[in-house]
Amino acid sequence: MRRTWWIYLIGVLGLVAVAAPFLWMVLGSFKTQGELMRVPPTWWPRNATGQNYGDLFSKANFPRYFLNSALVALAVTAGNLIFCSMIGYALAKLRFKGRNALFVLVMATLMIPGMVTFVPLFVLVTNAGLANTYPGLILPFLVSPFGVFLMRQFFLGLPDDLIDAGRVDGSTELGIFARIMLPLTRPALATLGILTFLGSWNNFLWPLVVAQTEDKYTLPVALALYSTGQNAQNYGLLMAGAVVVVLPVLVMFLAFQRHVTKGIAITGLK
C-alpha cells in the first residue's frame, strides 16, 4: 500500500485536471457577467442566477438547435443499429462468394482519414440536392465501418447451431436474424448505440458545412457561431450553452457505461 500511494496521487491529480474545467463551466453558467469578469475569480457563485439559461432558450433559439441535434443523432444511431447489425451478421454467418474480400474492404476504410473523403462526400451530397437538409446531415453516417466490425465480431461468437435450428424449424433467414440472433447481441448493440449517439451529437465539421441556414444548425455549430458573434463576450450565456451541449451525453454515458464496457470487453474476446 505504501509503495502505491503515488499511483493514487497521480490518479487524483488527473481526476482534478479533467473535472475542474467542467465544474467551472457548470458553476460559471449560474454567475452574472460581472462576477465572471471579476479578478480574482470566484469559484462558487455569490449570487446564483438562472438568467443565462433563460436567455439561452428564449433569445438564442437553442430549443430549435437542440431538436436538430436530437433528430440527427437519433436517426444516425437507429441507422447504425439496423444496417451495421445486418451487414455484420451477413459477414459473420452467411456464406457467399467474396465475403472475406468484402470484409477486408470494410476494414480498409477504417484506415482512411475522414478528411480524405470529406470533400468528395460534400460534393456528392450537394449534387444530390441534399445540402442544407436533414437527409444531408443524416444519410452519410447511417452506417460505419467500426459498427460493422463490432457487430461482426460479436456474431462470430454466437454458435451456428442456433441458425441451423431455426432453419430446421422453417424460419426464413430474416426471421433467424431478427428473432434468434439479434436479441443475443444486446451488449454490442448498446455499445454501438451509445458510441454512435455520442459521436453524432458532438459532430461539428459536417453540420457546419452542410447546414447553411440557421434553422438547420445543430448545438455544437450554434454554440461555436455564438462564441464569435455579438455574444462573444457573454461568457455566462456561452457556458450555459456548453452545459446544454455536454450534459445530455454525459448523463447518457454515465447511465450506460456498464453496457459500453461489457460490450467492448465481450467483443474483444470473440
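Structure above, values below:
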read-out	value
Estimated 222 nm signal from helices in the chain, with DSSP H stretches of n ≥ 4 weighted -39500 (n - 2.57), rounded to 500	-22000 deg cm²/dmol
Two-site FRET efficiency, VAL104 against SER58, from Cβ-Cβ distance with R₀ of 51 Å, rounded to 0.05	0.45
Estimated inter-spin distance, VAL26 and GLN51, nm [label 7 Å along Cα→Cβ]	2.4 nm
Accessible surface, per residue, of region 61-268 when the full set of protein chains is kept, probe 1.4 Å, Å²	51 Å²
Computed FRET value (nearest 0.05) for ALA165 with ARG258, which takes r as the C-beta separation and R₀ as 30 Å	0.45
Under Karplus coefficients 6.51, -1.76 and 1.60, residue-wise ³J(HN,Hα) of region 41-55 in Hz, glycine/proline x	x, 9, 7, 9, x, 7, 10, 4, 9, x, 4, 4, 5, x, 5
From the C-alpha gyration tensor of region 81-233, square roots of 5λ in Å	38, 17, 14
Chymotrypsin sites (Phe, Trp or Tyr not before Pro), loop per DSSP, at most 16 other Cβ atoms within 10 Å - longest free stretch of the chain	97-203
Selected from ILE112, ILE194, ILE87 as most flexible by GNM, with the chain as the system and alpha-carbon contacts under 10 Å	ILE112
Between helix 235-269 and the chain: long-axis angle, C-alpha atoms, 0 to 90°, nearest 10	30 degrees
Spacing of the two label points (7 Å from each Cα toward its C-beta) at LEU13 and MET37, in nm	3.7 nm
Calculated over region 1-48: convex hull of Cα atoms, volume per residue (Å³)	91 Å³
Solvent-accessible area, 1.4 Å probe, carbon plus sulfur percent, for the chain	71 percent
Accessible surface ranking that places the most exposed of LYS59, LYS216 first, with a 1.4 angstrom probe	LYS59, LYS216
Debye log10 I(q)/I(0) at q = 0.16 Å⁻¹ for the chain, Cα point scatterers	-1.23
Region 39-105, Cα convex hull volume normalised per residue, Å³	202 Å³
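The values are calculated or read from the model by the stated rules, or taken from the named source; none is laboratory data. Please read all numbers here as calculations on a predicted model, not as lab measurements. In this analysis, Cβ positions are derived from the backbone assuming ideal geometry, glycine residues included, and neighbour counts consider all displayed protein chains. Surface accessibility is based on the protein's heavy atoms, side chains included, excluding ligands, DNA and RNA. Shrake-Rupley method; radii C 1.70, N 1.55, O 1.52, S 1.80 Å.
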